[in-house]
Every structure is written in structure tokens, then in C-alpha cells.
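Chemist: Structure provided below as C-alpha cells; questions to follow.
What follows is calculated from the coordinates using simple rules that are stated; it is not laboratory data. Keep in mind the model is a prediction, meaning the values are calculated, not measured. Every residue, glycine among them, receives a Cβ derived from its backbone with ideal geometry; neighbour counts consider all protein chains shown.
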Amino acid sequence: MSLLLDARKKSLQAQSAQPETGAGPDTAAPQTGDQARSAGHNLFAAKSLLPIAGLTLPNRNLLYALGGTVLLLAAGAAYLWHAGSASNTTPLHPISAPPAPPVGQIQPAAATNPVIQNIPITEVSKPSAADDLEKTRQVAAMPQPRNSAPTPSNSNPIRIKQQKTEPVDPLLRDAYLAYRSGKLDEAWQLYLAMFRKDAHHPDVLLGLAAIAQQRGENQAAAQYFGRVLTLDPRNAVANAGMSALSADDDRNESRLKTLLREQSNSAVLHFALGNLYAGQSRWGEAQQAYFNAYTLESGNAEYAFNLAVSLDHLGQKKLAAQHYQRAMQLDPSHSAGFDHAQISQREQELTGIARSLP
């Protein structure tokens, strides 16, 4: 009996030692209630303690380090976002060029372009209208071998002549004769005496204006010319005198042409228009205007002289020499305002050149 019990016990121990997966439900040995409950409790406890297959629980210190890193990155991203938003809200201003340095100083180069450093800045002077006019005159005079044509008397004041009104006051007549003789101081006193007698006489006002203009007193001349134009807005001599005092060439040209459409036989208006063209080196138009003035008053030495100057600039040497000679013949008293010695020399030069031409 004892041998049977020992064999039974060894058999149960062998069965309990076998793996659970190898026995089916039909081959499992029957267990008692206490044994079953103990086995289930042990199995539940073992499963609850085992980790999930393939996974291992991380270290707690590592988790703390990762969390701190994430927080720092989040804080940095928030700061960058805030700074970018603040810069985007700044108003934009146009970029202005830096002020130019004074002439002769060295302009510092930009830091990104050291190649252009230490380059001196120099000022480029723009040619003025007077320079352009002078160059044009020099070019027009280039064909002349020894000297250019004399300067026309466009800078001289408009000269007056005695109006043919009857009867002529002796004081006014004496004033005009003194003016024609070049005795400007005497003529000025006589015209002033006449002005006290008749302050609205056109000849008196024109005489005072002409003398003031010859003296370089342009403001006084403009006042006297203005008084004449108040009395007679179409007065040719006063308009011609005002055009010589004004620097607005476009307005002067328009006004003179308008007056000439009404007074085409006014030599002084043609002469004033010729002076305007000559000042702009428009010698073809100046020659035509001077020719019209000289045709209307062929005894005027100044008109003959300016016509000769325009012909000289146009290269018409023979005609220019003839009119230079004519101008000197019409001005025996040297009162027309041009240099007889210079004109005589120029006339001889042009005559010699004309003779040498085939």
C-alpha cells in the first residue's frame, strides 16, 4: 500500500512539473478547490508584474530631462515669435540716400564694398546758358582767320530820334542836339528842365530813358519807358527799350512780333527783334531783321553796323565789308557807339579775304 501511495505522489508531482501549454483540457489532472484558487491567484499576480512584451519602462530621470528640454524649446520658440511680431509692426520708412560729402572730401565706402573706398568726390560743373552762348559765338566765328566779327550793338541802349512835331520847343530841340552830339550830361539837364515844363511829353520821357539806359541806370530807364507806355502802349521806341531791359526772351520776341504785325514800318522794332536774335546767335533771323530796319532807315549808322555784323557771322564777307564801310560813313562824329578803328581793321580783313577768293 505504501508503495502505491508513493507512486501516486510521484505521478502527481511529475504532472504538475509539465508545461501548461503542453496539456489539453482533457488531459489536465483534476485539482482541488484550494489548489485552483491558489494557482489562479499566482497567475494573476505574475501577469500584473510582467512588462508588456517588447517594451521596457523608461528611466524616471530621463523623463525629467526630456520634459525640461521640451519646456526650454517651447519658451525659446515663444520668444522668437514675439520678437518677430514686434518687428513686423514697425512702420516702414523710405530709404534716403546719404548726404553728399563736401566737394574735395573723401566719401567713406560701404562696409560691404571696400573696393570703392577712398575715391575723391569732385563736382562736375554744368555749363550755363551764357557759356553755351559764348561757345556758339566762337563756333560761328571759326571761319574767320584772324579775328571774329565785332560784337553787335545789341547791348547798347535804344537810341531815340526827334519826333516830327510842330512846333518844337527850343529847349527840347537843344536837349536832343546835345544828346546826338554825345553830350549826355548837358542833354540830361536840358531834358530835366523840359520835364518840369511838361512831364507827359513822350520825347522828354524817351530822352531821359535813353540817357539813363546809356549810363547803366536801368531801373530809372524802365520807369521812364513805362511812363511812355502808359500814355501810348504801342509806342515803338518805348517797347523796343523795354525789350532791351528785360531778360525774358520768349516774351520779348512774342511782344515784338505782335507789334510788328501792327507797325511793320517801324525800324526800331525790327532792330530790337534783330538784337534779340543776335543775343541767341540766331544770325540768319537777325540778318533779316537788321536788313528790314536798315531798309526803312538807310541813314542810320547803327542799323548798318549791325547788319554788317550779322553778314560777317554768316560768312558773307564782301557784303559785310561794304556795310562796315557804310556804317563808318554814316557816323562821322563817332556817336553811334561802335569802335571805328576796329571796324576799319575788320573791313580791310574781309576785303582782303574776298579778293583772295576765286
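Chemist: Normalised by the number of residues in the range 147-356, what is the relative contact order in percent for Cα pairs under 8 Å and 6+ residues apart?
Modeler: Relative contact order of the range 147-356: 18 percent.
Chemist: Which net charge results when you count Lys and Arg as +1 and Asp and Glu as -1 among the other residues whose beta-carbon is under 15 Å from that of PHE291?
Modeler: Summing Lys and Arg as +1 and Asp and Glu as -1 gives -2.
Chemist: For GLN345 paired with SER246, estimate the spin-label separation in nm (one decimal), with each label point 7 Å from Cα along the Cα-to-Cβ line.
Modeler: Distance between the two pseudo-spin positions: 3.8 nm.
Chemist: Right, something else. Under a Cβ-only charge scheme (Lys and Arg +1, Asp and Glu -1), can you give me the dipole magnitude of the range 147-356 about the Cα centre, in debye to the nearest 20?
Modeler: Computed about the Cα centre, the dipole is about 240 debye.
Chemist: Evaluate the distance, in nm, between pseudo-label points positioned 7 Å from the Cα of GLU285 and of ASP198 along their respective Cα→Cβ axes.
Modeler: 3.9
Chemist: Using label points projected 7 Å from each Cα along Cα→Cβ, tell me how many nm separate ALA77 and LYS257, to one decimal.
Modeler: Each label point lies 7 Å from its Cα, and together they span 7.9 nm.
Chemist: In addition: Lys/Arg Cβ at +1, Asp/Glu Cβ at -1, dipole of the range 147-356 taken about the Cα centre: which of LEU256, TRP283, ALA178 is farthest positive-ward?
Modeler: So the residue we want is TRP283.
Chemist: Compute the signed sum of charges (Lys and Arg +1, Asp and Glu -1) over the other residues within less than 14 Å, Cβ to Cβ, of ARG326.
Modeler: Residues near ARG326 contribute -3 overall.
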